[in-house]
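In what follows, a single structure is set out as structure tokens and then discussed.
No value in this document is a laboratory result; all are computed from the given coordinates. Predicted model only: the values in this text are computed from it and were never measured. FYI the Cβ positions are ideal-geometry reconstructions off the backbone, even for glycines, and counts take in every protein chain you see.
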Amino acid sequence: MSTIVSLPDQATAKLPAKSYLNQEYGLMSWLLTGDHKRIAILYMISISFFFVIGGVLAGLIRLELLTPPSDLMATDTYNKVFSMHGIIMVFLFLVPSVPATIGNFLIPLMVGARDLAFPKINLLSWYLYVGGGIFVLSAMVLGGVDTGWTFTTPLSTHYLNTHVVTAAMGIFLAGFSSIFTGLNFIVTVHRMRCPGMTWFRLPLFVWGHYATSIIMILGTPVLAITLVLVALERTMSIGVFDPTKGGDPLLFQHLFWFYSHPAVYIMILPGMAVISEVISTFSRKRVFGYTAVAFSSVAIAVFGFLVWEHHMFIMGVSQYSALVFSLMTMLVAVPSAIKIFNWSMTLYKGSITFETPMLYAFGFIGLFTIGGLTGIFLATLGMDIHLTETYFIVAHFHFVMVGGMLMAYLAGVHFWWPKMTGRMYPEAISKTAAVITFIGFIVTFFPQFLLGYLGMPRRYAAYPADFQVLNVFSTAGASILGIGYMLPMLYLPWSLIYGQIAGNNPWQATGLEWQIQSPPLTENFVEIPIMDHEAYDYEWLANKTQHEVQTVG
Amino acid sequence: MTEKTQETHQDAEVHVVKPPIYLAIFLTLLALTALTTGISFIDLGVFNAVIALAIACFKASLVVLFFMHLHYSSRLLKLTVAAGIFTFLLLISLTMTDYISRAWGMF
Ligand code: HEM
Ligand SMILES: [Cu+2]
């Protein structure tokens, strides 16, 4: 099969003598670093750790649901397991996944800067994340929380004796870490673009992260405040969420979802940002409708703030208000669709090759489309009454979060692995892993749409025997999926030592980050580059390469 | 290549605020605090909360504009702060669509 990979001659190729990886040695050189690339690696290690814990919890959930009665664990343990799974996966994995790792690594490289605007705040953000992680883990070890990741009142404020406040503190801290990441990105994109790097020459990756940062900065404080209110309600009974004192439990829902709906876009926009780069590189074409894709990111960020009540349709909110929010929800799906169409148009007549990142990107497009369209089902007021709080919702958000964001994260990790480490991952096995992940995903989550439609409620350890066949499918799929995720965790570390030397630009991609050595120098660029062409200009790249051949050889 | 690339640093020159201005703002804030306290002794019905919040907002604006130098800052910074206020207004107004109309048609 044709490929665009071009590696240097392995017999003579060497890693660069000096790079951010060997600039300094020792644990302290990592823990006190201000280098955005090293902080990205720290983040990558930490989120992988939490992904494994969250994944084990997911395995336990699926194992319990293999059989109809609740036999593997007690029902209240089950509640704690799915709550912890949700909290860890949302706040400690998905929210930081692409922005804090790949974004941290690449934003300065892509805008042509030596680092982010505030390196120390960047490091602080990682420490806050670790602090948040420790709180969440303590909540788990001390006995768990069983509110679900949504901390629903009055359950969380009046009826439970589990470690709600500890877990909430953890999320509070992790929230500030994401605010700092967003702040750094926004200031960097405004202030530190290299000469010639106009807004419309920025790679779409940067646009996606800029939009994400807007949500992080404007939304996350509301989550922080809401969690503080829950803690105050629990400890001092201040009454904001308590009707007997003039409060309203639904106020909690408004505040929580005011953050958490935009937060689902924190969990998808950076993924879309990765996909734009990957699709362009592996079809050798400029992204179709660059401006539309760029502005659709910002549109998603802004309009994402206007739809939160769709999580509350059956909670007794005003029907008139629900009508408005239902309409707004349908409208916010439009910019997402614009992106899907533009990527498809980019593929049209492109010269497509099927390297691993591209396989994941195809997985993303298909699965995200299904996830997004089922969101429209849920946004329909009548339909939602039937589908809400069933496995249909569980399937919906796993299609977008796991089928979408996790696929995009893996696409990104594989795509930039040679840049980050200087070495290639093994191609054949990684392609197998991508295919296994896709199959495992479909087998796990597609049956859940059917289960939900048939009426199986979410968040219960037991279910009627009629539902067993589909649940067995789902658990079997989860085992396949588990293998799909295990493989990269094995071969990526392996490739650090045995992988082929990648050279500067194995994909012949156009981005600024590909024009420098891999792994990059601590200061990124020897000289600050001057940008004289648009993003995704393959002609410019061809000219440049030709020129190099003439002078060098 | 004539495009404007890096943002011109409009706010690069640091604005020094004269002490008398700080003093005036400080005294205004104190006076308004006294006003809030005084008014709390008079029962104005629904306006109790309205007036207290209005005074608080005014004071907060003074702090942001003068103590935090927003009044002298670039348009970009003003826009940033405006974005925060706008988001807050979205939160309040869209939540109110629920509270105002929740009981419509029920009684
Ligand atoms: C593209 C358009 C989308 C639409 C129209 C949409 C619509 C909806 C609606 C209406 C619900 C509420 C269902 C209910 O509670 O009855 C929902 C739930 C949910 N959606 Fe989406 N969604 C979209 C995209 C996404 C994306 C991109 C993500 C995440 C990356 C996401 C994550 C979630 C989650 C986590 C829930 C469930 C929260 C919970 O109750 O635990 N959605 N979606
Ligand atoms: Cu939502």
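Can you put A:V222, A:V469, A:V206 in order, fewest other beta carbons within 10 Å first? Can you show the working numbers first?
Numbers: A:V222 22, A:V469 12, A:V206 27.
Starting with the residue having the fewest Cβ neighbours, the order is A:V469, A:V222, A:V206.
Give me A:L451, A:L373 ranked fewest to most by other Cβ atoms within 10 Å of their Cβ, as a rough exposure proxy.
By the 10 Å Cβ count, ascending: A:L373, A:L451.
How far is it, in nm, from the label point at B:N48 to the one at A:L490 when both lie 7 Å from their Cα along the line to the Cβ?
Result for the modelled spin labels: 6.9 nm.
Report the Stokes-Einstein translational diffusion coefficient (µm² s⁻¹, integer) for the protein assembly as shown, Rh taken as the Kirkwood radius over Cα pairs, at 20 °C with viscosity 1.002 mPa s.
Approximately 81 µm²/s, per Stokes-Einstein.
Where a ≥ b ≥ c are the square roots of the eigenvalues of the C-alpha gyration tensor, would you call chain B rounded, which needs a/c under 1.5, or, failing that, prolate if a/b is larger than b/c, or oblate?
oblate
Which lysines have a Cα less than 21 Å from the Cα of A:K18, not counting those fewer than 8 places away in the same chain?
Counting by Cα, and skipping residues close in sequence, A:K18 has these lysines nearby: A:K37, A:K419.
What percent of all Cα-Cα pairs in segment A:406-536 falls into each 10 Å bin, going from 0 up to the bin containing the maximum distance?
Here the calculated profile for segment A:406-536 is 11, 29, 23, 17, 13, 6, 1.
State the extension gain, in nm to one decimal, for the chain segment bounded by A:F341 and A:D248, taking 0.36 nm per residue of separation less the distance between their alpha-carbons.
Taking 0.36 nm per residue and subtracting the Cα distance, the gain is 29.2 nm.
Which residue, B:L77, B:L27, B:L44, tops the fluctuation ranking in a GNM of chain B built on C-alpha contacts under 10 Å?
The residue with the greatest mean-square fluctuation here is B:L44.
Go ahead and collect, in residue order, the members of segment A:299-325 whose backbone nitrogen is under 16 Å from a label point 7 Å along the Cα-Cβ direction of B:R102.
A:309-323
Which of the aspartates and glutamates could a cross-linker span from A:K431 if the Cα-Cα distance has to be under 13 Å and same-chain partners fewer than 8 positions apart are dropped?
A:E355
What lysines does B:K78 reach when the alpha-carbon gap must be under 24 Å and sequence neighbours fewer than 8 apart in one chain are set aside?
In chain and number order, the partners are B:K4, B:K18, B:K59.
If you put +1 on each Lys and Arg Cβ and -1 on each Asp and Glu Cβ, how big is the dipole of chain A around its Cα centre, in Debye rounded to 20?
600 debye
Order these by the 10 Å Cβ neighbour count, fewest first: A:V230, A:V130.
Sorted ascending by nearby Cβ count, the order is A:V130, A:V230.
Which shape class, rounded, prolate or oblate, goes with segment B:16-72 when its Cα gyration tensor gives a ≥ b ≥ c as root eigenvalues, a/c under 1.5 marks rounded, and past that a/b bigger than b/c marks prolate?
oblate
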